[in-house]
Amino acid sequence: MADSKKRKERSGGDNAERGGKRSKGGSGGKWQTPHQQAKVAAREGGKKIEPGDIGIWATCARNQEGRATVELKAMLEECAERFYGIKSGPDEPEDEPEDEDDEDIEVSIQKELASMDKKEDKSTKLFTPMHVDLACVLFFKTQPTIDPVDLVHRICKEAASNPKVRRMRYVNRLTPMTVIGKATEKGLEEVSKSVLSKYFNLNLQKDEGEAGGDDSEQPTNETPQEHVNYSYAIRPTIRNHNTLKRDAVIKQIALSIADSHKVDLTNSDKVILVDIYRMVCGMSVVGSDWESLKRFNLSELYSHNQLTTKTNDASDAEAKPQSATTGEDNVATAATDNTEP
């Protein structure tokens with residue numbers, strides 16, 4: 001009896017040790033990528049998205065945030081230089097060790113000027129990855145010299161036209177943000193005015209009526225611009241935010257747009273993209289080909305276009321033996337094809 005008890009205790013102890021080791025190793029494997037993401041955020045100084053920023057949201061494959069960040073940054077910089085002729089500034093260089101024995105006043109002045117040049121170079125960085133506390137989600141802040149909507153549209157158009165060249169392995173959907181403000185009702189109102197006024201006639205009577213007096217007539221004279229009566233759809237995305245609800249966001253934006261513009265959820269001329277994350281709210285307006293470009297999802301564009309290309313190649317291969325026939329065979333084949341419904 002004593003021996004059996006000892007065996008049970010030993011077996012129980014072994015299981016406890018194994019269980020502890022198993023849980024320790026398993027959690028380490030699961031959280032490896034978020035840990036790497038934290039390192040990147042610390043290296044970037046914990047930069048966070050703030051009102052006034054513009055940029056591009058991106059989704060990526062699970063547990064591939066680090067690789068997707070490197071991949072997307074290289075892609076954006078290469079496309080900015082090729083599309084617009086704008087070259088991004090260099091990344092932060094490492095400081096060289098100082099030799100105090102040989103340093104004099106002139107050398108110190110030169111080093112100070114060099115450090116100032118480095119700071120200027122840093123400010124010319126076109127794309128800066130920002131810290132986002134979400135799995136499979138990235139955000140790149142862009143400089144005002146780059147229009148994120150045009151850049152993303154060109155990248156997706158290029159991917160659609162060259163299906164055999166897959167340049168992105170880890171990045172999925174790209175969502176450009178023209179303006180980012182505070183994630184409040186007032187912040188959403190300000191962002192809407194800034195972004196939508198370029199494409200739609202807006203309902204400004206309420207704001208003008210509150211001012212009163214003769215001054216209230218000035219805004220109407222300053223904004224006589226009439227836009228084409230585009231139809232539109234509103235596509236909001238809300239992450240880690242509980243204040244603004246989806247239906248309320250859609251209603252507020254729709255009420256700000258004049259009745260001359262109609263809602264069309266299936267074939268709209270313009271699509272209003274809204275992205276709310278924590279305390280910030282971003283918005284942009286994209287064209288009618290947003291749906292045909294798979295909602296700017298590069299992964300779906302590559303997969304769809306590669307499948308289409310393979311299908312076309314297969315049909316061409318089947319057609320070649322028929323086109324290779326000559327004389328009466330060609331005539332008979334053509335007649336057969338014409339009689340088919």
Practice problem: Would you be able to tell me the number of residues in the range 270-299 that are more than 19 Å from Thr142 (Cα to Cα) and touching a Gly at 6+ places or on another chain (Cβ under 8 Å)? | Solution: 2
Exercise. Determine which single condition Ser27 fails, assuming it passes every other condition in (1) over 17 Å from Asp147 (Cα atoms); (2) out of contact with any helix residue (DSSP H, G or I) (no Cβ under 7 Å at 6 or more places or on another chain); (3) at pLDDT 95 or above.
Key: (3)
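Rundown of residues vs (1) in contact with a Ser or Thr (Cβ under 6 Å, 6 or more places away or on another chain); (2) at pLDDT 65 or above; (3) outside any strand (DSSP E or B); (4) not hydroxyl-bearing (Ser, Thr, Tyr), yes/no style:
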residue	(1), (2), (3), (4)
Thr33	no, no, yes, no
Glu81	no, yes, yes, yes
Pro97	no, no, yes, yes
Glu103	no, no, yes, yes
Gln110	no, no, yes, yes
Ala135	no, yes, yes, yes
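Table: residues versus (1) within 20 Å of the chain's Cα centre (by Cα); (2) modelled with pLDDT of 95 or more; (3) surrounded by 22 or more Cβ atoms within 10 Å (Cβ to Cβ).
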residue	(1), (2), (3)
His153	yes, yes, no
Arg166	yes, no, no
Arg169	yes, no, no
Leu174	yes, yes, yes
Thr178	yes, yes, no
Glu185	no, yes, no
Lys193	no, yes, no
Exercise. Consider Ser315 carefully, then state whether it is over 23 Å from the mean Cα position of the chain (by Cα) and either modelled with pLDDT of 95 or more or of a type in the set (Gly, Ala, Ser) (or both).
Key: yes
Quiz item: Across the range 279-301, what is the total count of residues that are in contact with an Asp or Glu (Cβ under 8 Å, 6 or more places away or on another chain) and farther than 16 Å from Asn267 by Cα?
Solution: 4
Practice problem: Just need a number here: residues in the range 195-205 that are over 18 Å from Val280 (Cα atoms), at pLDDT 95 or above and aliphatic (A, V, I, L, M). | Solution: 1
Quiz item: Do any strands (runs of 3 or more DSSP E) entirely within the range 222-296 hold 3 or more residues that are farther than 21 Å from Asp147 by Cβ, and if so, which?
Solution: 232-239
Quiz item: Across the range 137-151, which residue is surrounded by the most Cβ atoms within 10 Å (Cβ to Cβ) among those that are aliphatic (A, V, I, L, M) and in a strand (DSSP E or B)?
Solution: Leu138
Quiz item: Does Arg173 qualify as being under 18 Å from Arg295 (Cα atoms), part of a loop (DSSP other than H, G, I, E, B) and not small (Gly, Ala, Ser)?
Solution: no
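The values are calculated or read from the model by the stated rules, or taken from the named source; none is laboratory data. This is a predicted model, so every value here is computed, not measured. Every residue, glycine as well, gets a Cβ built from its backbone with ideal geometry; the counts of neighbours run over all protein chains shown.
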